[in-house]
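Worksheet for the structure shown next.
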Amino acid sequence: MENSLEIKEQIVKNSFWGIISSLTNKIGGFILAILLSRLLMPAGFGKYSLAITISFFFITFSDLGINQTLIRYVSLCIDKNSRESALYVNYLFKMRFVITVIFSLVLLLIAYPLSYYIFKDSSLFFPFVILSIYVFFISLSSFFESLFFIKKSVKYISIKEFLSFFFKITSIWIIGAWVILEFRLIGIFFSFVLISIFSFLYVFNFSKCFYPTLFRKINGRINKKEMFKFLLFLNIQNISLMILTQASIIFLGVFLTAEFVGYYNSSWILVTGISSLIFSFSYILLPVFTNAGEQNFKNMLKKTFRLLFILSMPISFGLAILSKFFIVIIYGYDYLPASIPLTILAFLIPCMIGVDLSLAAFSARSKQKNFSLLMILSVMVLFILSFIFVRIFISSPSMILMGIALATLLSWGFCLIFSIFLLKKEFGINVISRWIIKVLFSCFVMGGVLIFFLNFFKEINIFNSVIIILPSALVYFISLRIVGGIETAEFREILRLLLNPKKK
């Protein structure tokens, strides 16, 4: 009984720190993006977006699923066989170190052709050079950070996230106050490198304290065949997801000038920020889905899908209709052209949430193969549609901006539709049924109210936005309740399933 209480106390404690870490990362990243957009202006923010996106690609490729593999295999044997755990840590670290060095050097070597020939902007050369160092330290930091999840020492990750956010905010303030516009981008990336070095030293020292036996040199063998099979599907999903979320910015960087990249990324950050906040508890769902009985798993998945769509779809409609209001209030009038892609990208929110939820379901039931193939097909759809729209709208930068946004939405929509199909095929679950018609009807009613209010408020400010949004949101829920689209008991049922997933 005492051991059970200790486990529950540990779960509650780590859930609290997990929420703090997640919120710090997501909200902090959103705040940083807004500050950077205002500090650098559209052209500078576009260059920042291109450079940081390229670095994210290299960080993702240097991971290759090694972090998740480390967590899985060391967790399985750490309490039973410290020798085997040490073998996995040593082998995976050597692999990660070599791959990280290679990709950091590759970014350093291609910095010149990337800036001069691909993006045709010489001012990107030094940012790419600086970011090659950033890729090295961030990649290694994430490896050691993974060890904190094994002993569930999430508190130290939360502290690291908060300190990194604090130092980034401070460096941005200093750069904005003392550095001229021309050198701000280099200054920002240089500060990011210094912070990444601090993060690496932090996680490295604490991981050695927590796992002294794992860092000793030891001889032996591990099951590499099984481990590499596990890595394969992780790589497909992680790389495909990275391409789906970041490739659009690179497309725009190749065909358009930097300010259009800034417009697009400002709307993209707003959409992904909102979707990630709605789905910020996703890390809870994977273990809950894994431990749930078959019938409870199905019920929970259906009800969670429904609840998240009820919350996300009106947000998409509202964000699309009030795109100018949100862009001006958050980023300023200089970013007003970003309202065009935002009107389209707003409808990505339910798509992203649905795909993430499907991924959690397939991972929990170890049926990732078909989902991985779907991710590859979605990436192909994105590439094909992007090239088509670029060719059609090549003479108009604004239309290319709209076309890339539409290609991104359609590729995510494709992924969502076939995710729903796979859930039906693999688990026999209809996560979308006639209730979606009631949600859409209420969204259109709310949209009509929003458009009506817009006729009376031409000035864009926070006060007018609140006056428009609050009554419109109330109209949505009243409409949904009238047509029978939501029941109070549903919220209670979801809560019960989350608290006791094993109960039949």
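Checking the structure you have, find out if any residue of segment 84-107 is in a helix (DSSP H, G or I), under 23 Å from ILE249 (Cβ atoms) and in contact (Cβ under 8 Å) with a residue 60 or more places away in the chain. For segment 84-107, residues in a helix (DSSP H, G or I), under 23 Å from ILE249 (Cβ atoms) and in contact (Cβ under 8 Å) with a residue 60 or more places away in the chain: absent. For segment 294-325, the tally of residues that are over 19 Å from LEU480 (Cα atoms), hydrophobic (A, V, I, L, M, F, W, C) and in contact with a Gly (Cβ under 9 Å, 6 or more places away or on another chain) stands at 2.
Consider THR24 carefully, then state whether it is more than 22 Å from LEU107 (Cβ to Cβ) and either out of contact with any Pro (no Cβ under 9 Å at 6 or more places or on another chain) or modelled with pLDDT under 75 (or both). So THR24 passes the test.
Which residues, counting only those in segment 335-362, are over 17 Å from the mean Cα position of the chain (by Cα) and at pLDDT below 90? ALA361, PHE362 - these are the residues of segment 335-362 that are over 17 Å from the mean Cα position of the chain (by Cα) and at pLDDT below 90.
Scan segment 305-329 for residues that are of a type in the set (Val, Ile, Thr) and at pLDDT 90 or above and the total you get is 3.
Do any residues in segment 436-452 that are assigned by TED's automatic domain parsing to the domain that holds PHE309 and on the phi < 0 side of the Ramachandran plot have Cβ atoms under 6 Å from those of residues that are outside any helix (DSSP H, G or I) and crowded, with 17+ Cβ neighbours inside 10 Å, where the two are at least six apart or on different chains, and which pairs are they? From residues that are assigned by TED's automatic domain parsing to the domain that holds PHE309 and on the phi < 0 side of the Ramachandran plot, the pairs are LYS438/GLY485; VAL439/GLY485.
The sole residue among SER122, SER104 that is loosely packed, with under 14 Cβ neighbours inside 10 Å and either among the small types (Gly, Ala, Ser) or in contact with a strand residue (DSSP E or B) (Cβ under 9 Å, 6 or more places away or on another chain) (or both) is SER122.
For segment 426-456, the candidate set comprises residues that are assigned to a loop (DSSP other than H, G, I, E, B) and among the polar types (S, T, N, Q); within that set, the residue that is surrounded by the fewest Cβ atoms within 10 Å (Cβ to Cβ) is ASN455. Could you go through segment 416-427 and let me know if any residue there is within 30 Å of GLN237 (Cα to Cα) and of a type in the set (Asp, Glu). Yes: one or more hits. Looking at segment 430-442, is at least one residue hydroxyl-bearing (Ser, Thr, Tyr), touching a helix residue (DSSP H, G or I) at 6+ places or on another chain (Cβ under 9 Å) and more than 30 Å from ILE392 (Cα to Cα)? Yes; the residues of segment 430-442 include at least one that is hydroxyl-bearing (Ser, Thr, Tyr), touching a helix residue (DSSP H, G or I) at 6+ places or on another chain (Cβ under 9 Å) and more than 30 Å from ILE392 (Cα to Cα). Flag: LYS94 does not match the condition of being surrounded by fewer than 18 Cβ atoms within 10 Å (Cβ to Cβ), more than 21 Å from PHE204 (Cα to Cα) and assigned by TED's automatic domain parsing to the domain that holds PHE58.
When TRP412 is evaluated against the numbered criteria (1) of a type outside the set (Val, Ile, Thr); (2) touching a residue at least 24 places away in the same chain (Cβ under 8 Å); (3) under 30 Å from PHE463 (Cβ atoms), which criterion, by number, is the only one it fails? The failed condition is (3). The numbered conditions (1) at pLDDT below 90; (2) in contact with a Cys (Cβ under 6 Å, 6 or more places away or on another chain) are all true for LYS369 except (2).
The values are calculated or read from the model by the stated rules, or taken from the named source; none is laboratory data. Model, not experiment: these values are computed from the prediction. All Cβ positions, even for glycine, are placed from backbone atoms using ideal geometry, and neighbour counts span all protein chains on display.
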